[in-house]
Amino acid sequence: MKSKVAVIPCAGYEIETVYEAVERGISLLGGWENFIKPEEKILLKPNLLNRADPEKAVTTHPSVFESVIRNLQSEGFRRLVYGDSPGHPGGVEKTADICGLKTVADRLEVPLADFTRSRTVEYVRGRTSKKFEICQGVLDSDGIVNICKMKTHQLERITGGVKNLFGCVHGMNKGAAHAKYPDAESFAQMLIDLNLLLKARLHIMDGVVAMEGNGPASGNPVNMNVILISADPVALDATFCRLVDLDPSTIPTVFYGGIFGLGRWREEEIEILGVDDLADYRNPRFDVSREKEYSGKWAFLSKLKAVGRKPVILKSKCIRCGACVQACPLEDKAVFFPDRGGEAAVTAGNREVPVYDYKKCIRCYCCQEMCPEKAIIVKRKLL
């Protein structure tokens, strides 16, 4: 049986346009009742990576978030909550407020789930990870609707359906996971175990305005004018890949998602609904890494620090805020302030631009994700 992916054209974030696009996509997949029951408590899981204006394409756009809520409520689904564990310190409520989602949720009377507490959940079937520290709000829900964002990602190349559920892992445990699974392949395999544990009912991708280039937080907005919806996160992400002329087999979350049984990625295994020809919505100029690094005989390259990529701080843009130092998941920091003797703590006062010890750096790019000034880029060349 093929995995179905609804590809719905959506030219802009005008609320009724987005609402109709979401409604059409859900209808093509058989309606909400195919995925959830009215009596179930459903967690809406947007992408709330950090505090950013919606127009920057860092997070799920409020119009997509609102359209999903209104669609559900119009069909009688009232037990809705929302939440995420953002990378930025300060909590989900403040992040949701700045990103425009809290205003929507408050108006539509959708409460914030508990993402301040967590519990260790064993997953004996995991191939890479046997346990996860899951936010309490996730555990208190009967099911998840994943409302992800179409973006590039420096470690996994793209972030979409599979990667977005990482926000169900509590707080600093996400940094610990980067340290434990330092390369693209092992990190992807951990994400697949997480997806198999959580079993989100549906995945809705905001691709109206995507992010290309130095994603997932410092890239550039680009119009893709689509919303993708599927019960299969691997098929969803593979369709994203095909829209930007990216070979799905080179994406670790997609490649191993197929091997581990999370979903399907091969073209003949996916049925596209909503458009006659996917090629009509392609953007071959989409700025994303297309090198064959991660699958098949090239897998070993992702583990070699002497080859490939490294984070670099642009001194002219750096404001010396220390976000990169705080974001580094290593106890012995790979990025630090040289004028503080390598001290990780961020304190007031002038200081030099942080520097890297590339021998320690695990290339997780957490520093690049959390930089508020787009001052960290990833160079692709021999180190």
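The values are calculated or read from the model by the stated rules, or taken from the named source; none is laboratory data. As the structure is a prediction and not an experimental result, all values here were calculated from the model. Counting neighbours? That spans all protein chains shown, and the Cβs are built from the backbone with ideal geometry, glycine included.
Structural remarks
- Qualifying residue in segment 297-304 (condition: at pLDDT below 90, of a type in the set (S, T, N, Q) and out of contact with any His (no Cβ under 6 Å at 6 or more places or on another chain)): yes
- Pairs linking a residue in segment 203-214 that is at pLDDT 95 or above to a residue that is of a type in the set (D, E, K, R) and not in a strand (DSSP E or B), with Cβ atoms under 7 Å and 6 or more positions apart or on different chains, are GLU212/ASP287; GLY213/ASP287; ASN214/LYS374.
- Residues of segment 118-157 satisfying the condition of being aliphatic (A, V, I, L, M), touching a strand residue (DSSP E or B) at 6+ places or on another chain (Cβ under 6 Å) and either more than 14 Å from LEU194 (Cβ to Cβ) or not assigned by TED's automatic domain parsing to the domain that holds HIS61 (or both): VAL145, ILE147, MET150
- Odd one out for SER129, checked against (1) buried (at least 22 other Cβ atoms within 10 Å of the Cβ); (2) of a type in the set (Ser, Thr, Tyr); (3) out of contact with any Pro (no Cβ under 7 Å at 6 or more places or on another chain): (1)
- Filter pass, GLU133 being charged (D, E, K, R), at pLDDT 95 or above and not in a strand (DSSP E or B): no
- Residue under evaluation LYS163, criteria (1) touching a residue at least 40 places away in the same chain (Cβ under 8 Å); (2) over 15 Å from ALA235 (Cα atoms), criterion not met: (2)
- The number of residues in segment 239-254 being buried (at least 24 other Cβ atoms within 10 Å of the Cβ) and touching a residue at least 40 places away in the same chain (Cβ under 8 Å) comes to 6.
- Segment 326-338: number of residues that are crowded, with 21+ Cβ neighbours inside 10 Å and either more than 17 Å from ILE377 (Cβ to Cβ) or in the same structural domain as ALA176 (by TED's automatic domain parsing) (or both): 3
- Within segment 78-92, the set of residues being more than 24 Å from SER218 (Cβ to Cβ) and either crowded, with 19+ Cβ neighbours inside 10 Å or in contact with a helix residue (DSSP H, G or I) (Cβ under 9 Å, 6 or more places away or on another chain) (or both) comprises ARG78, LEU80, VAL81, TYR82, GLY83.
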